[in-house]
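*Asks:* Supplied in structure tokens, the structure appears directly below.
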């Protein structure tokens, strides 16, 4: 249904896509995953002909999209954009009615079919109850559903979604993706950029990993999430970073291989590619790794199982039960260091925070806390306190962070590890070297 | 249909207000004339065209003379009105009122389009330099009549359209015209033309006063021939714009969303910009630079009827006509006549500040 062939797109001197190819079959729900800045939005824009690629072609339903008029392509492809700007106060129904634009002639009034489609779209997205309200007066989540309703009213065989869940709470994230999955069941074809790997794995028929300007991996969620390349793909942003001094891109491999002084026992918890990346880096270092809770079916759980670690797993967004919580706390307590990877706060996860002040911690983040906090300000404050006391790092440099933690605790003696300030000042002194005196 | 009903009732109401304003305005002035007499005199002036042909009369345009279509009229009414009153109403006041209504209608419609186009309630019809271009053309003719032996109105009209085209050409690259570039190019070109106008004013000698009055906007000396030049352009322009109101609505979602909803964005933008510029040019060429009509009227109507252009465009245009007729009446009925631009700005600016402080005006 969608055939993107060797797409190259650059903005000015920056090449965003280089020879990216992706095919989506009719009736398939494909999740486009990849680190921030990988070009997911750009790929979607090229498919919807919002931009013209420098090279390559996109065919939708066998037709070259660049040659289609806006009207023709708007009958084939509808788009749920990441953000919608509305600077004037249309009411919700008027915005949904705009979805019928591709079918209406200049002077005709809406046909019964137009009206029926609009009504049905508003029912399915549960926006009918506030159809008279101004689009400026609804919340971000409601607005996203209004745009989804507009897309439904547009009734195209292909639907592109750019981070459709980004501004939604957990319940609406699930509702939204379930609606998309339902549309696909009814015969539509969907391609969605989703930053949350767990959600993508749960709802998509197939995942495509976009990194370094191209599609590096496609396959079923199981195949893709357990592939080594996933962690690599998500590390690409950190491993290929821009040198702040020279401005040139630098590729950071593990500095000097594996650091010699690592904690004996490391516990890893959290989710997503961050946790998977950390586990991949700990593999083969001789460190005894425990893990959990990780998200069942997610990339980290897949990586852990592959490495022979028996992780504690929890269903995504399901409440954390008491036994699991106790088991996790026990593993944390007996570890010499704990790595917290993109921990989502909510569903009881925040109760883990109280156990995290025992062993020295490394906090690994790839998404900002505001995008993963569903548990309120108090939990966020507790998390920030832990982060402030811990080593903060990225998945690619987790080993050096663990080495720093280990040398700090050896210097102080293991009994004194909870004296966080001491750890911090000591490692600073190490770096600056004034204690040579 | 609920929406159609709203459009019809709002338009009918505003048309009635316009009729009242016209009759009241035609009765006011040094000679006061009662509303009944005015109404009868206005009806007497109504002419119904019965036939058309290419006539002898020449239409001056950019220095060329084109044969103009001439119409044969029948006057269906012949009420008994004193001939002096009939002359005052039909030959002196009505042309001016009709011109004010035409210009107000066009400026408010063009302002509505520009505000939607730029997705910014602070945009006005001359945001891409149409008025400044018209001013440059007009001042050039006023200040240097020997160098430019063309009519004032053709020069202003040509200046307006040339400026709009220039700004559009500067802002267009690779077939795309980003709105922000258009806005900034408009600002820069206006600044340059402003310098040019100031230079010409400094060297305009005896014609300085005439140039200043033109720059402030004036409807005095209006004739039926001014109306016959500007009214068809404005009416046709606004009628075509009215056919694109749904596109204007969808464009408010942003250009990329509009493309996804089947709008040919660049073509629609060019068309809207060209039509709004022609309508604005037709107004300022005959009336000079009249500010705030195209800014305040659409804004107030948006507060009243909402942002849907299908109702906003016709109601703004009608309200603009009433507003300019009313302000021009104030301009001429006072002890000393002032340019109407002074009155519109004197009323419009404080009102706009009021809206600003009430936070009805959105952030830029």
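The values are calculated or read from the model by the stated rules, or taken from the named source; none is laboratory data. Bear in mind the structure is a predicted one, so any value in this text is a computation, not a measurement. FYI the Cβ positions are ideal-geometry reconstructions off the backbone, even for glycines, and counts take in every protein chain you see.
*Asks:* Of the numbered conditions (1) farther than 26 Å from residue B:247 by Cα; (2) modelled with pLDDT under 90; (3) assigned to a loop (DSSP other than H, G, I, E, B), residue A:27 satisfies every one except a single condition; which is it?
*Replies:* (2)
*Asks:* Within segment B:316-323, is there a residue that is within 14 Å of another protein chain (Cβ to nearest Cβ) and surrounded by 23 or more Cβ atoms within 10 Å (Cβ to Cβ)?
*Replies:* For segment B:316-323, residues within 14 Å of another protein chain (Cβ to nearest Cβ) and surrounded by 23 or more Cβ atoms within 10 Å (Cβ to Cβ): present.
*Asks:* Go through (1) in contact with a helix residue (DSSP H, G or I) (Cβ under 8 Å, 6 or more places away or on another chain); (2) part of a helix (DSSP H, G or I); (3) within 14 Å of another protein chain (Cβ to nearest Cβ); (4) touching a residue at least 12 places away in the same chain (Cβ under 8 Å) one by one and return the number of the condition residue B:256 breaks.
*Replies:* Going through the list (1) in contact with a helix residue (DSSP H, G or I) (Cβ under 8 Å, 6 or more places away or on another chain); (2) part of a helix (DSSP H, G or I); (3) within 14 Å of another protein chain (Cβ to nearest Cβ); (4) touching a residue at least 12 places away in the same chain (Cβ under 8 Å), residue B:256 breaks only (4).
*Asks:* Could you please let me know if residue A:425 is over 25 Å from residue A:34 (Cα atoms) and either at pLDDT below 80 or not in a helix (DSSP H, G or I) (or both)?
*Replies:* The answer is yes for residue A:425.
*Asks:* Among the residues of segment B:300-313, is there at least one that is within 11 Å of chain A (Cβ to nearest Cβ), assigned to a helix (DSSP H, G or I), touching a residue at least 12 places away in the same chain (Cβ under 8 Å) and surrounded by 24 or more Cβ atoms within 10 Å (Cβ to Cβ)?
*Replies:* The answer is yes, given that some residue of segment B:300-313 is within 11 Å of chain A (Cβ to nearest Cβ), assigned to a helix (DSSP H, G or I), touching a residue at least 12 places away in the same chain (Cβ under 8 Å) and surrounded by 24 or more Cβ atoms within 10 Å (Cβ to Cβ).
*Asks:* Considering segment A:65-117 alone, what residues qualify as being more than 9 Å from chain B (Cβ to nearest Cβ), within 19 Å of residue A:46 (Cβ to Cβ) and part of a helix (DSSP H, G or I)?
*Replies:* If the condition is that a residue be more than 9 Å from chain B (Cβ to nearest Cβ), within 19 Å of residue A:46 (Cβ to Cβ) and part of a helix (DSSP H, G or I), then A:65, A:66, A:67, A:76 are the ones that fit.
*Asks:* Of everything in segment A:314-365 that's part of a loop (DSSP other than H, G, I, E, B) and surrounded by 21 or more Cβ atoms within 10 Å (Cβ to Cβ), which residue is nearest to the chain's Cα centre (by Cα)?
*Replies:* Once the filter is applied, the top-ranked residue is A:342.
*Asks:* Identify, please: which residue in segment A:153-182 is over 29 Å from residue A:370 (Cβ atoms) and buried (at least 18 other Cβ atoms within 10 Å of the Cβ) and is, among those, nearest to the other protein chains (Cβ to nearest Cβ)?
*Replies:* Selected residue: A:154.
*Asks:* Can you list the strands (runs of 3 or more DSSP E) lying wholly within segment A:168-228 that have 3 or more residues being closer than 18 Å to residue A:272 by Cα?
*Replies:* A:206-211, A:214-219
*Asks:* For residue A:97, work out the one condition from (1) at pLDDT 90 or above; (2) more than 22 Å from residue B:5 (Cβ to Cβ) it doesn't fulfil.
*Replies:* (2)
*Asks:* Hey, another quick one. Report, ordered by the first and then the second residue, all pairs with beta carbons closer than 6 Å, sequence separation of six or more or different chains, a first member in segment B:125-149 that is free of Cβ contacts under 8 Å to residues at least 24 places away in the same chain, and a second member that is in a loop (DSSP other than H, G, I, E, B).
*Replies:* B:141/B:148
*Asks:* Could you list, in sequence order, the residues of segment A:232-286 that are closer than 28 Å to residue A:217 by Cβ, touching a strand residue (DSSP E or B) at 6+ places or on another chain (Cβ under 7 Å), assigned to a loop (DSSP other than H, G, I, E, B) and at pLDDT 55 or above?
*Replies:* Correct list: A:271 only.
Results for (1) in a helix (DSSP H, G or I); (2) within 14 Å of chain A (Cβ to nearest Cβ); (3) modelled with pLDDT of 90 or more, shown as yes or no for each residue.
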| position | (1), (2), (3) |
| --- | --- |
| B:233 | yes, no, yes |
| B:239 | yes, yes, yes |
| B:247 | yes, yes, yes |
| B:250 | yes, yes, yes |
| B:263 | no, yes, yes |
| B:267 | yes, yes, yes |
| B:271 | yes, yes, yes |
| B:278 | yes, no, yes |
| B:282 | yes, no, yes |
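*Asks:* Of the residues A:56, A:62, only one is more than 10 Å from every other protein chain (Cβ to nearest Cβ), crowded, with 16+ Cβ neighbours inside 10 Å and free of Cβ contacts under 8 Å to residues at least 60 places away in the same chain; which?
*Replies:* A:56 is the lone residue from the list that is more than 10 Å from every other protein chain (Cβ to nearest Cβ), crowded, with 16+ Cβ neighbours inside 10 Å and free of Cβ contacts under 8 Å to residues at least 60 places away in the same chain.
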